[in-house]
Amino acid sequence: MQRLAARSSPTRALAPTQQTTMLDLKNYESLGAALRDALERWADETCLIEADRDREKCRLTYRQFKEAALPLASALQQAGFAAGDRAAIIMTNQSKWLISAYAVFYAGGVLVPLDYKLTPAEHLALLAHSKARVLIVEYHLWRAITQGEGFPGLRAETVLVTETPPNAEFAGACRWEEFRSEREPGFVPRARRDWAAIVYSSGTGGRPKGCVMTHENYLEQCMALTSLYPFWPGVRYLSILPTNHAIDFMVGFIGPFTCGAAVVHLRTLRPEYIREAFSRYKITYMTLVPLVLKNLEKGLRARFAELPPHKRIVFKMLVGLNRLLTRRRPNLKLSRRLFGKVHQAFGGELRALFVGGAFTEPATLQFFYDLGIPVANAYGLTEAGTAVTLNDFNPFRPDTVGKPLPGMEVRIVNPDADGIGEVAVRSKTVMAHYLDDPEMTAETIVDGWLMTGDLGRIDAAGHLQLFGRKKNMIVTEEGKNIYPEDIETAFEGLPVKEFCVFAANYLWPRRTMVGEQLVIALRLEPGQEFTEALRADLANRNRRLLNFKRISGYIIWDRDFPRTASLKIKRTILAEEIGRRLERASAVVAL
């Protein structure tokens with residue numbers, strides 16, 4: 001096996017002139033212990049601002065955050081919640097999410113952050129799989145869950161519901177706001193190798209993928225990220241990604257809190273309110289997924305196109321000048337002078353945007369960099385803690401996903417003649433295992449190396465370039481991991497002999513990270529024809545899926561699927577046969 005290895009040494013990008021005062025996380029055993037000291041150290045600094053449209057709902061100092069969280073931790077302990085017990089949170093971005101998470105860590109618990117956009121059936125399946133004893137959930141989501149088919153089997157012993165209207169039906173739950181105890185809670189210490197969270201990297205239609213993350217995973221990840229992009233008191237991070245997302249949990253909670261910074265939560269994603277938040281709160285950093293970044297680019301390009309011809313010429317000259325003078329390193333002071341109105345629209349204090357969760361086109365990264373708005377492009381996955389590589393602008397490289405973060409080892413397994421092979425990662429941030437799935441764990445972590453399933457190459461400068469996926473999975477521009485096996489439940493009962501869903505780029509490999517699609521391979525019954533009624537049935541089922549889960553087309557396969565002795569479909573063999581016998585352009589029929 002040929003290997004190419006890369007290690008990154010700590011470098012600091014966009015370092016502040018202020019001396020950073022973050023906690024030395026090497027001295028901590030757990031997230032709970034680090035956060036407890038942060039609340040004491042920066043007691044009078046603002047840690048959280050929650051805004052809904054044009055109204056600020058709440059603003060908390062670190063002291064007030066502590067005063068809100070400890071009575072909740074005490075009440076949990078009195079309800080029997082103990083070290084190692086699991087507590088799930090299903091909420092949109094808001095202060096109660098972070099307060100609840102800290103209370104769970106303070107009591108020694110294991111956090112189970114779930115995506116609030118999942119269906120009630122998916123929520124119930126993951127709650128069952130995670131064995132969560134406590135559920136903390138918003139009222140409208142709780143209402144939906146109680147109507148789910150599997151609700152009678154919910155095993156959570158304590159359910160806390162936020163923002164419940166007066167006289168509402170609780171279905172055995174308690175009001176979050178009233179679940180408090182005045183008794184002093186006991187802080188429960190945890191060790192670095194103890195579980196901190198169970199994070200699900202996919203849906204539930206197939207095989208739940210619960211990544212068991214340790215306290216060490218998160219502490220090491222935080223140290224790596226803040227070595228390049230430090231936070232400090234006065235920094236304001238705009239949080240628009242769901243806090244359950246691995247990126248925002250780290251960059252929008254753990255990172256800012258261990259450095260004394262403030263997190264601004266927006267409970268809306270409407271562009272006009274995001275723009276207003278930049279100027280109102282003087283935002284320093286924000287993380288986006290590629291889809292949002294692309295929409296932001298479109299809006300800016302449209303405005304530039306509306307400039308009078310003479311101003312457009314001047315603008316293009318300034319872009320060229322800024323690109324020339326910042327080709328090696330960003331120069332925020334210079335760029336802010338050249339593009340004053342652009343930077344004022346972003347609040348005037350933006351130091352960088354972060355983008356991750358999916359592949360970002362180089363042209364988009366170059367567009368923002370030319371305006372003096374550095375976008376730090378990252379590559380990572382849930383199983384690796386958050387980020388594996390990150391651009392440090394030394395120099396700016398839009399064609400790569402950056403160099404390995406400090407403490408990360410990246411190698412290319414079985415490279416071809418062009419140096420492209422599977423990306424493997426080894427570090428203290430890699431998950432402990434998949435929950436209750438030793439077989440999948442053994443397939444994913446081999447001799448201590450996390451096999452990512454992504455195809456890449458490390459260039460002479462130590463940067464990682466990505467070229468596609470080896471595994472049967474797609475990642476949307478919204479940063480959603482879509483495993484085809486999870487989509488198949490929507491097509492159960494389809495009147496065909498058998499079917500199987502694939503990522504098209506898995507069947508016909510392409511060296512690209514964009515334009516990924518799902519297709520369904522159909523094996524009809526002997527003598528059966530593909531009728532208009534069958535097409536309509538397929539299309540109707542597809543429409544019921546969320547837009548990012550929908551299939552783009554179908555394939556008619558003329559032979560039985562290969563199966564194991566236990567009658568499971570041999571997906572890899574079937575994919576190889578389809579890719580070998582059929583051509584993508586002629587085989588896939590659009591729905």
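The values are calculated or read from the model by the stated rules, or taken from the named source; none is laboratory data. Because the structure is predicted, anything quoted here is derived from the model rather than measured. Backbone-built Cβ (ideal geometry, glycine too); neighbour counts: all protein chains shown.
Only one of (1) part of a loop (DSSP other than H, G, I, E, B); (2) closer than 30 Å to residue 457 by Cα; (3) free of Cβ contacts under 8 Å to residues at least 60 places away in the same chain fails for residue 369. Which number is that?
(1)
Testing residue 300 on (1) in contact with a Ser or Thr (Cβ under 9 Å, 6 or more places away or on another chain); (2) under 17 Å from residue 375 (Cβ atoms); (3) surrounded by fewer than 17 Cβ atoms within 10 Å (Cβ to Cβ), one condition comes back false. Which one is that?
With (1) in contact with a Ser or Thr (Cβ under 9 Å, 6 or more places away or on another chain); (2) under 17 Å from residue 375 (Cβ atoms); (3) surrounded by fewer than 17 Cβ atoms within 10 Å (Cβ to Cβ) applied to residue 300, the lone miss is (1).
Within the range 355-366, is there a residue that is surrounded by fewer than 24 Cβ atoms within 10 Å (Cβ to Cβ), of a type in the set (Phe, Trp, Tyr), under 27 Å from residue 273 (Cα atoms) and at pLDDT 95 or above? Quick ask: steps written out before the conclusion?
Kept after step one, since they are surrounded by fewer than 24 Cβ atoms within 10 Å (Cβ to Cβ), are these residues of the range 355-366: 358-359, 361-364, 366.
Remaining after also requiring of a type in the set (Phe, Trp, Tyr): 359.
Of the ones still in play, those that are also under 27 Å from residue 273 (Cα atoms) are 359.
Still in the running and at pLDDT 95 or above: none.
No, because not a single residue in the range 355-366 is surrounded by fewer than 24 Cβ atoms within 10 Å (Cβ to Cβ), of a type in the set (Phe, Trp, Tyr), under 27 Å from residue 273 (Cα atoms) and at pLDDT 95 or above.
For the range 218-238, indicate whether the set of residues that are assigned to a strand (DSSP E or B) and closer than 27 Å to residue 127 by Cβ is non-empty. Walk me through how you get there before you give the answer.
Step one: list which residues in the range 218-238 are assigned to a strand (DSSP E or B), which gives 236-238.
Okay, now just the ones that are also closer than 27 Å to residue 127 by Cβ, so none.
No, that holds for no residue.
Does residue 244 count as assigned to a helix (DSSP H, G or I) and surrounded by 23 or more Cβ atoms within 10 Å (Cβ to Cβ)?
Numbers: assigned to a helix (DSSP H, G or I): no; surrounded by 23 or more Cβ atoms within 10 Å (Cβ to Cβ): yes.
For residue 244, the condition - assigned to a helix (DSSP H, G or I) and surrounded by 23 or more Cβ atoms within 10 Å (Cβ to Cβ) - is not met.
I'd like the full set of residues that are among the charged types (D, E, K, R) and in contact (Cβ under 8 Å) with a residue 40 or more places away in the chain, limited to the range 104-160.
Within the range 104-160, 115, 117, 122, 131, 133, 138, 157 meet the criteria.
Within the range 478-518, can you find the residues that are among the hydrophobic types (A, V, I, L, M, F, W, C), out of contact with any helix residue (DSSP H, G or I) (no Cβ under 7 Å at 6 or more places or on another chain) and under 19 Å from residue 560 (Cβ atoms)?
Listed by number, the list holds a single entry, 496.
Answer yes or no as to whether residue 34 is under 25 Å from the mean Cα position of the chain (by Cα), in the same structural domain as residue 177 (by TED's automatic domain parsing) and part of a helix (DSSP H, G or I).
Values: under 25 Å from the mean Cα position of the chain (by Cα): yes; in the same structural domain as residue 177 (by TED's automatic domain parsing): yes; part of a helix (DSSP H, G or I): yes.
In short, yes.
Being surrounded by fewer than 20 Cβ atoms within 10 Å (Cβ to Cβ) and on the phi < 0 side of the Ramachandran plot is the filter here, so list the residues in the range 126-136 that pass it.
128, 129, listed by residue number.
Do you know which residues across the range 265-277 are over 18 Å from the mean Cα position of the chain (by Cα) and surrounded by 22 or more Cβ atoms within 10 Å (Cβ to Cβ)?
277
Test of understanding: among 73, 88, 101, 82, which residue is in a loop (DSSP other than H, G, I, E, B), among the hydrophobic types (A, V, I, L, M, F, W, C) and at pLDDT 95 or above?
Just a single option satisfies the conditions, and that option is 82.
Restricting the range 416-436 to residues that are part of a loop (DSSP other than H, G, I, E, B) and at pLDDT 95 or above, which is surrounded by the fewest Cβ atoms within 10 Å (Cβ to Cβ)?
436
Right, residue 488: part of a loop (DSSP other than H, G, I, E, B), in contact with a Phe, Trp or Tyr (Cβ under 8 Å, 6 or more places away or on another chain) and not assigned by TED's automatic domain parsing to the domain that holds residue 244 or not?
So residue 488 does not fit the description; no.
Of all the residues that make up the range 509-528, how many are within 25 Å of residue 478 (Cβ to Cβ) and surrounded by 18 or more Cβ atoms within 10 Å (Cβ to Cβ)? Outline the logic, then answer.
We begin by selecting, within the range 509-528, every residue within 25 Å of residue 478 (Cβ to Cβ); these are 509-520.
From the residues that got through so far, the ones that are surrounded by 18 or more Cβ atoms within 10 Å (Cβ to Cβ) too are 513, 516, 518-520.
Result for the range 509-528: 5.
Of the conditions (1) out of contact with any Asp or Glu (no Cβ under 6 Å at 6 or more places or on another chain); (2) hydroxyl-bearing (Ser, Thr, Tyr); (3) surrounded by fewer than 19 Cβ atoms within 10 Å (Cβ to Cβ), residue 139 satisfies every one except a single condition; which number is it?
The one condition residue 139 does not meet is (1).
Please work out if residue 501 is crowded, with 18+ Cβ neighbours inside 10 Å and either at pLDDT 90 or above or at positive phi (or both). Steps first, answer last, please.
Values: crowded, with 18+ Cβ neighbours inside 10 Å: yes; either at pLDDT 90 or above or at positive phi (or both): yes.
So residue 501 passes the test.
Where in the range 529-591 are the helices (runs of 4 or more DSSP H), entirely inside, with at least 3 residues that are surrounded by 13 or more Cβ atoms within 10 Å (Cβ to Cβ) and hydrophobic (A, V, I, L, M, F, W, C)? Full working, then the answer.
Working: elements: 532-543, 571-581, 584-587.
Qualifying helices (runs of 4 or more DSSP H): 532-543, 571-581.
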